[in-house]
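Structure first, then comments.
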Amino acid sequence: MSEEAKTITIDDVEYIFDDMTDKAKTLVNHCASLEEQIQRVQFDLVQKSVGKGKFFEMLQEEIANPEQFEEVE
């Protein structure tokens, strides 16, 4: 069973990962790691935005019932 070489495409040019210099391999790994982190942050941002929207909706419902508030004299 032969294993297919891992390739990286940069500017429409395919490179074989194992043929790259150690520095290039490290840079590829940094780029891949940062891409994963960006995707995680974007996912977290969506969760936080939805959560904020729900809390704001709950606040609107809460203040829509003025009898629940104490009057300030």
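Within the stretch 1-35, which residues are more than 26 Å from the chain's Cα centre (by Cα) and among the β-branched types (Val, Ile, Thr)? Within the stretch 1-35, VAL13, ILE16, THR21 qualify. Any residue that is modelled with pLDDT of 95 or more, part of a strand (DSSP E or B) and either surrounded by 10 or more Cβ atoms within 10 Å (Cβ to Cβ) or not aliphatic (A, V, I, L, M) (or both) - is there at least one of those in the stretch 21-42? No: the stretch 21-42 contains no residue that is modelled with pLDDT of 95 or more, part of a strand (DSSP E or B) and either surrounded by 10 or more Cβ atoms within 10 Å (Cβ to Cβ) or not aliphatic (A, V, I, L, M) (or both).
Within the stretch 1-20, the residues that satisfy the criterion of being in a helix (DSSP H, G or I) and of a type in the set (Asp, Glu) are ASP18, ASP19.
Applying a threshold of 8 Å to beta carbon distances and a minimum spacing of six or more residues, or different chains, the list of pairs starting in the stretch 3-20 at a residue that is among the charged types (D, E, K, R) and ending at one that is surrounded by 11 or more Cβ atoms within 10 Å (Cβ to Cβ) and assigned to a helix (DSSP H, G or I) reads LYS6/PHE17.
The values are calculated or read from the model by the stated rules, or taken from the named source; none is laboratory data. Just so it is clear, the structure is predicted and the values come from calculations on it, not from any experiment. Neighbour counts run over all protein chains shown; Cβ positions are idealised from the backbone, glycine included.
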